[in-house]
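Asker: Just dropping this structure here.
What follows is calculated from the coordinates using simple rules that are stated; it is not laboratory data. Treat the numbers as computed from the prediction; the structure is a model and nothing was measured. Ideal geometry is used to build each Cβ from the backbone, glycine not excepted, and the neighbour counts take in all protein chains shown.
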């Protein structure tokens with residue numbers, strides 16, 4: 001049992017596992033923000049446009065015995081679209097930063113190194129300048 005706990009501790013303390021855990025926590029908080037935004041801002045705007053509260057939009061069948069919460073489904077779809085758009089924008093921004101960094105590194109690598117002959121010629125020119 002002790003060995004199992006040591007292995008679990010080593011697994012849990014790895015950098016990428018901790019990063020993933022932090023990402024999940026932040027994503028959960030971000031999801032709550034988007035849900036509140038949809039419920040409190042987007043929902044009322046749609047309610048004003050269609051003269052109905054989004055949460056109360058339902059489809060009733062069997063004489064009202066069964067109701068389908070279509071409004072809540074629409075709110076969930078809006079949440080997904082907003083989160084997907086923000087994540088897409090974030091990934092696109094991060095990829096652009098990576099490309100810029102990669103291009104800078106390639107530009108540094110492409111600078112030709114001075115050959116031994118060129119270094120020797122530069123030293124000769126310096127010596128000739130000093131003699132004048």
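Asker: Extension gain residue 17-residue 1, at 0.36 nm per residue separation less the Cα-Cα distance, in nm?
Answerer: On the way: separation 16, 0.36 × 16 = 5.76 nm, distance 2.20 nm.
Stretched fully, the residue 17-residue 1 segment lengthens by 3.6 nm.
Asker: Right, something else. Give me the one-decimal nm value for the distance between modelled label points at residue 56 and residue 28, 7 Å along each residue's Cα-to-Cβ direction.
Answerer: Spacing of the two 7 Å Cα→Cβ label points: 3.4 nm.
Asker: Between 61, 86, 70, where does the largest GNM mean-square fluctuation fall for the chain, given springs only between Cα atoms within less than 10 Å?
Answerer: Of the options given, 61 has the highest mean-square fluctuation.
Asker: Build a GNM of the chain with springs between Cα atoms under 10 Å: which of 118, 73, 49 gets the top mean-square fluctuation?
Answerer: 118
Asker: Just to confirm my numbers, what's the Cα centroid distance between the stretch 7-37 and the stretch 53-120 in Å?
Answerer: Their Cα centres are 18 Å away from one another.
Asker: Can you tell me, using C-alpha contacts under 8 Å and at least 6 residues apart, the relative contact order of the chain as a whole percent? Provide the component values of the computation, followed by the final result.
Answerer: Numbers: 51 pairs, mean separation 18.7, N = 132.
This gives 14 percent for the chain.
Asker: Convex hull over the Cα atoms of the stretch 2-131, averaged projected area in nm²? Write out the running numbers ahead of the final one.
Answerer: Working: hull surface 83.6 nm².
Averaged projected hull area, Cα only: 20.9 nm².
Asker: Compute the helix-to-body angle for 15-37: its Cα long axis versus the longest principal axis of the chain, expressed 0 to 90° and rounded to tens.
Answerer: Result, in degrees: 40.
Asker: Just grab the label-to-label distance for residue 96 and residue 120, each label 7 Å out from Cα along the Cβ direction, in nm (one decimal).
Answerer: 5.0
Asker: Okay, moving on. With springs only between Cα atoms under 10 Å, which of 56, 104, 122 fluctuates most in a Gaussian network model of the chain?
Answerer: Checking each option, the largest mean-square fluctuation is seen for 122.
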